[in-house]
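Working notes for the structure below.
Derivation of every value follows stated rules applied to the coordinates shown; laboratory data play no part. In this text the structure is predicted, and so the values were computed from the model without any measurement. Cβ coordinates were reconstructed from backbone atoms using ideal geometry, including for glycine residues, and neighbour counts include every protein chain displayed.
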Amino acid sequence: MSDCKPKCIPCDPGICKTIDCESCVLDHPKPYRRILGSLIYIMTATGPNLCFVVTKLLQYMSKPTVNHLGLAKHVLRYVKGTLNYGLKFGKLEAGLKLTGYCDSDCGSAEDHRSITGYCFKMSTHGPLISWKCKKQRVVALSTCEAQYIAISHAVQECNFLAHLYADVTGYQRHYNAVCR
């Protein structure tokens, strides 16, 4: 894949439809698992933008298909195109402000469980400091319920980050949550 043509997005926007397409099960799933192991490392270290697609591909570790391998290779092509991107940590001119975003899809997986995603940053133009993309433990009966579950996970992380900030700086502050 070192000479592959780079991609500009991590996955096809219609991945939920294309991931479940009929294709042959791989005879040797080891290369697929190695690719995903590498992608997990990249995602955890510096690639929060890979979180959704890697989480989707991880659901098929036991019986990956040719289609899944193709999607994993698409992600590698995206990584190839973003090798020179990075997270920049520098001195802030303005003060710190914890900002978070969360969302969920409603039951797009085979088992009808929704996927929750959230991310947090400490400044307007700063990098993400915390992110997660995870399948919900329960089956949400509506889009609204899936959103409430996503918000509750994001609020738990927000509380943790606020307490961590207070412990590190010694500065206690009241936080106001704004949901949009």
Packing-ranked peptide list from 154-166, 48-60, 20-32, highest mean Cβ count within 10 angstrom first, is 48-60, 154-166, 20-32
Longest principal axis of the chain (C-alpha) makes with the long axis of helix 30-45 (C-alpha) an angle, in degrees to the nearest 10, of 10
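Among the listed pairs Lys30/Lys56; Lys5/Lys63; Lys91/Lys121; Lys97/Lys132, give every one whose C-alpha distance is greater than 25 Å.
Details: Lys30/Lys56 18 Å; Lys5/Lys63 27 Å; Lys91/Lys121 14 Å; Lys97/Lys132 20 Å.
Table pairs above 25 Å Cα-Cα are Lys5/Lys63.
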Checked segment 15-81 with the C-alpha gyration tensor, a ≥ b ≥ c its square-rooted eigenvalues, rounded below a/c of 1.5, otherwise prolate if a/b is larger than b/c and oblate if not; verdict prolate
When Met61, Met43, Met122, Met1 are ranked with the fewest other C-beta atoms within 10 Å first, the list becomes Met1, Met61, Met122, Met43
Cross-link reach from Lys73 to aspartates and glutamates, straight Cα distance under 20 Å and at least 8 residues apart if same chain, gives Asp3, Asp12, Asp20, Glu22, Asp27
